[in-house]
Structure formats: C-alpha cells, structure tokens
Amino acid sequence: MKRIWFLSFFVFPSAFCPIPSAFSSDNTPLGTRSSSLGGASVSLSDLWSIQNNQAGLGWMKERTCGIIYQNQFQIKELSTKALGFALPVKNGTFGLCASSFGYALYSENKVGLSFGKTFGNKISAGISMDYFETAIPEYGKQTSLVAEAGLQTKPLKNLTLGFHIFNPTRIKLADYNDERIPTIVRLGFNYRFSEKVILTAETEKDIEKKAMAKAGIEYHPVKALYLRAGISTNPSLSCFGIGIIVRKFKLDFSSTYHSIFGFSPQIGLICEFGKIATRDIQKIN
C-alpha cells in the first residue's frame, strides 16, 4: 500500500502541489559505483565525476564514455537514464553529461558541460554549467541554467579530500511559493588502505533539509573484479554492488535497499579508449 501511495505522488502531482518541489533537480550523485558506496563519491575520480564532483575530472588520463540505468524502487516511472563522456586535453579534462528522470506526466532532464584541471599533483578543481528542464504537461516546462563547482586535494599519499557545491546562487525554478532549485554542499574523503581497499565517506547538506551521512568500502580482490558496499542516512539505505572489468570495458551492477520501498537496481557500462599521448597527466596517488 505504501508503494502505491508513493507512486501516486508522481502519477498525480497536482493532488499534492502545483510543482512537486521534493523532486526539483536535486542533483543526485550518478554512477553505479557511487550508488553501491552509499553515494559517497565527492572525493572519487571516475567518469561520473562529471556530475558528482567535477574536480575529479582533473585526475583522469583516459578518454572515457559510459551509460547507466537505474530503476528506482523497481518502478519504471521513476527510472533514471544517463550517459557521459570525458575527454582529457593538454590543460585539463572536459566532461559532458546528459541525464533523464521520470515519465510522460513528470520528467527532469539535465545536460551539463564540465571542466576539471589539476594544479600540481596535490590539488584539482572543476566547474560545470548545467541546463535543466522540468516538464509537467499540466503546467508546462521550466528551464534553468545552474552552476556547480568542486575541489579535491591530496594532503597525504593515500588520502583524498573532496568538496562540492551545487547551485550556489539559488536559482529560482518557479514563482509559485518561491520555488528554487536546491543548493547542496558535499564534503568528504577517501582513504586507500592498499591497492585492494578504499574507504570513502562524506556528508551532504541541502541548505533547507537535514544533512545526510554516507559511507562505503570498495574491495578489489583480483584484477577483473570489484566488490562494494555502503550505507547512507536520511533516508536510510543499504547499498551494495560489483564491478567487472573486461579489457577496456567496466560493467557495474548495484542496488540500494529502502526498508519500506525496497530495492533500486542499477546497471552501468564504461569504456576507456586510451590515453591522450600529448598530455602529461599526473599519476593518481
């Protein structure tokens, strides 16, 4: 019964409010790896840094593209689809991300162009400009341009700190009830115990909501396999996943579990095309 009520919130948004503020471009972290680690990805560097923290792009040294699909609570109307591309160049790395959430009666679409750059071998910074479109046939479309920025630093050999802010200017989404796209701040770290084990944790704060805590661990027992697990609060989620490497392809599976609404499976595929020969990219510690 609770699952039916939850779905009805999306199917009949006008019964609750003219614009469903709870789902207005909240910039949820992307990527199957991030999902399996409880969303604790602000200090990580991988393809989905194009959304999770653009500073992570600065450490990348391979041309990379990828796609993901998430079936939220196994309800197709709540699915998220995304594709991304990262291109290292001489002075940094460009990223492009396009994502879509929802269905015919309510949808959110985002396209972001980002850039990350290292400053020596200790600091990387990144920025992104995003185009948002929220569509509800009964009310029309709302479009917005939103900025985000991030920083990562490596104060110790095996420690990386990450900071990210989304929508620092509090862009307005709609005049009704002074609706604004959320401003979200994330701060976290990851520690590499060895070549096989990474621990990552962070806190996320929407300035109008309670803070979230997230943590995850990644275990790399053999060259072709990753095992991951994580947790998060507000809402409380248990998370897990695996990653399989076949040559230049990385196939990832993950799921989160909510005690009321159940499982949210996700699948992702990443392909690395190789290094850019003209660029001297710093080796990741």
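Summary of computed values
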item	result
From Ala229, Ala213, Ala224, residue being farther than 30 Å from Phe132 by Cα and at pLDDT 95 or above	Ala229
Selection from segment 144-162 of residues that are more than 30 Å from Asn109 (Cβ to Cβ), in contact with a strand residue (DSSP E or B) (Cβ under 7 Å, 6 or more places away or on another chain) and in a strand (DSSP E or B)	Thr153, Lys154, Pro155, Leu159, Thr160, Leu161
Per-region count, segment 192-215, residues of a type outside the set (S, T, N, Q), more than 28 Å from Asn109 (Cβ to Cβ) and surrounded by 15 or more Cβ atoms within 10 Å (Cβ to Cβ)	6
Qualifying positions in segment 100-116 - in a strand (DSSP E or B) and within 20 Å of Ile75 (Cβ to Cβ)	Ser100, Phe101, Gly102, Tyr103, Tyr106, Ser107, Glu108, Asn109
Members of segment 218-227 that are outside any loop (DSSP other than H, G, I, E, B) and either surrounded by fewer than 20 Cβ atoms within 10 Å (Cβ to Cβ) or touching a Cys at 6+ places or on another chain (Cβ under 8 Å) (or both)	Tyr219, His220, Pro221, Val222, Leu225, Leu227
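Matching residues to (1) modelled with pLDDT of 95 or more; (2) within 17 Å of the chain's Cα centre (by Cα); (3) surrounded by 18 or more Cβ atoms within 10 Å (Cβ to Cβ); (4) not acidic (Asp, Glu):
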{"residue": "Gly31", "(1), (2), (3), (4)": "no, yes, yes, yes"}
{"residue": "Leu57", "(1), (2), (3), (4)": "yes, yes, yes, yes"}
{"residue": "Ile67", "(1), (2), (3), (4)": "yes, yes, no, yes"}
{"residue": "Ala86", "(1), (2), (3), (4)": "yes, yes, yes, yes"}
{"residue": "Lys90", "(1), (2), (3), (4)": "no, no, no, yes"}
{"residue": "Gly95", "(1), (2), (3), (4)": "yes, yes, yes, yes"}
{"residue": "Tyr106", "(1), (2), (3), (4)": "no, no, yes, yes"}
{"residue": "Gly116", "(1), (2), (3), (4)": "yes, yes, yes, yes"}
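Condition check ((1) more than 22 Å from Arg33 (Cβ to Cβ); (2) acidic (Asp, Glu); (3) part of a strand (DSSP E or B)) across all residues:
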position	(1), (2), (3)
Cys65	no, no, yes
Thr80	no, no, yes
Gly84	no, no, yes
Ala98	no, no, yes
Thr118	no, no, yes
Glu133	yes, yes, yes
Gln142	yes, no, yes
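The values are calculated or read from the model by the stated rules, or taken from the named source; none is laboratory data. What you see is a predicted model, and the numbers here were worked out from it, not measured in a lab. Glycine also receives a Cβ, built like all others from the backbone with ideal geometry; neighbour counts cover every protein chain displayed.
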